[in-house]
Amino acid sequence: MKIKFASRMKTVPRSFIREILKVTTNPEIISFAGGLPNLKMIPIKELENACDSVLEQDGTRAMQYSTSEGYYRLRKWIADRYMKKHSLLVTPDDILITSGSQQALDLVSKVLLDKGTQVTIEKPGYLGAIQAMSVFEPRLSAVPVTETGIDIQALEKNFKTKKPKLFYAVPNFQNPSGITYDMETRKATAALCKKYNVIFVEDDPYGELRFSGTDLPIINKFLNKTGILFGSFSKIVAPGLRLGWVCAPKTIMKNLITVKQAADLHTNFFSQRIVYEYLTKNNLDTHIEKLKAVYGKHAKAMLACIEKYFPSEVKFTRPQGGMFIWVTLPAKIKAMALLKPALKEKVAFVPGDPFYVHTKNVNTLRLNYSNAEPDMIEEGIKRLGNAVKKLISK
Ligand SMILES: Cc1ncc(COP(=O)(O)O)c(C=O)c1O
């Protein structure tokens, strides 16, 4: 039978990373491709204890249906943390627990995007956001990020000409570039969103993972609770739990809860109970300190190896946190053309292409440093450096 799929399926890109991850299941390949937390850093013993304790305390109740908004105590914990970390006044009612922040992207898109709605994203931008939004067939336009964050002049020009409904950004240790908005850019971004009436969607899964420099306020702090903010336990506890959240103004929240009910009734309740138990019996800040020390060490090792093994024409970002380094090859070298020779050398990365909406054949690529151990980082970067040198000399 020939199936005629919904027309939107023509516009949704397949996740390139999932495709590459299939290749990298080969244990001989050193992979800098995924955005995976380091397995050694998952607090497995503590999660096991939390799991036992939930089953002991709740028994079958831990397996019952629950509320669409999410477990109240977990929402309160998140709201209190916004107060503690950012002096941001948030109540549990402002929080909806989602199946990862990826679902937050889907729900917000469902509520706000029609076919043809203008949306502004970063260039390069998080490919999972491009994919999630594309299902709703918006018109995406992208504004370049510079070393200090979004290019403010270009953003204002974009707001004036495209008149977007929303601007989606990852201001801390961006996926894919590792770039962080400085203070001035944060304030200017908020001011422009206010001036042009653009809903700011701030995706912040890496904000707590700063290993150098000083923490900066979230941009929503300057928006007087008019913007939308996403958070996630994926990078600070464990991604397999699939727990994230969206913090949104009341009118938007009402609609988000409706589409959440339609999507899956509620987020995995057992998972929510386990994480809440984990958070109350352990000190998350102590765990985050360990994560920052390890990821900081990995980033330093990868940067030193890039300097040692890559030709000097290759440029790269120096992240202050998060999980990624963004590499710019000499203009004539396309990242896609490097992928095959790199895989032959048994090293994987993500070419920049899927992080752009209207740009193809780019000379940029993303490297992840959180997952591989430092000795593997050295070997992998050496192999990648060889593949780059061979391609340059062709
Ligand atoms: C910027 C950004 N947003 C959202 C996500 C989705 O994360 P999760 O659904 O695991 O919370 C990721 C995952 O890598 C990400 O990098």
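The values are calculated or read from the model by the stated rules, or taken from the named source; none is laboratory data. Predicted model, so just to flag it, every value in this text is computed and none were measured. Neighbour counts run over all protein chains shown; Cβ positions are idealised from the backbone, glycine included.
Kindly indicate whether D106 is more than 12 Å from the ligand (Cβ to nearest atom) and either within 25 Å of L209 (Cβ to Cβ) or under 16 Å from the mean Cα position of the chain (by Cα) (or both).
no
Take the residues of segment 1-32 that are part of a loop (DSSP other than H, G, I, E, B) and among the hydrophobic types (A, V, I, L, M, F, W, C): which is surrounded by the fewest Cβ atoms within 10 Å (Cβ to Cβ)? Please lay out each step first, then the result.
Kept after step one, since they are part of a loop (DSSP other than H, G, I, E, B), are these residues of segment 1-32: 1-6, 11-15, 24-29, 32.
Adding the requirement that they be among the hydrophobic types (A, V, I, L, M, F, W, C) leaves 1, 3, 5-6, 12, 29, 32.
On the way: M1: 2, I3: 4, F5: 7, A6: 8, V12: 16, I29: 18, F32: 27.
The selected residue is M1.
So is A154 in contact with a Phe, Trp or Tyr (Cβ under 8 Å, 6 or more places away or on another chain) and either of a type in the set (D, E) or outside the structural domain of P37 (by TED's automatic domain parsing) (or both) or not?
No, not satisfied.
Show the residue pairs that are 6+ apart or on different chains and have beta-carbon atoms under 9 Å apart, the first residue being within segment 239-250 and farther than 18 Å from T226 by Cβ, the second being within 11 Å of the ligand (Cβ to nearest atom) and among the charged types (D, E, K, R).
Within 9 Å, no pair qualifies.
Which residue, of S177, S212, S141, is among the small types (G, A, S), under 28 Å from E289 (Cα atoms) and away from the ligand (no atom under 16 Å from the Cβ)?
Working: S177 fails: away from the ligand (no atom under 16 Å from the Cβ); S141 fails: under 28 Å from E289 (Cα atoms).
Testing whether each residue is among the small types (G, A, S), under 28 Å from E289 (Cα atoms) and away from the ligand (no atom under 16 Å from the Cβ) leaves just S212.
Here's a check for you: in segment 33-82, which residue that is at pLDDT below 95 and not in a helix (DSSP H, G or I) is farthest from the chain's Cα centre (by Cα)?
N38
Can you pull out every residue in segment 224-260 that is part of a loop (DSSP other than H, G, I, E, B) and more than 9 Å from the ligand (Cβ to nearest atom)?
Taking segment 224-260 as the starting set, the residues that turn out to be part of a loop (DSSP other than H, G, I, E, B) are 224-227, 233-238, 242-243, 248-249.
Those that are part of a loop (DSSP other than H, G, I, E, B) and more than 9 Å from the ligand (Cβ to nearest atom): N224, K225, T226, G227, I236, V237, A238, A248, P249.
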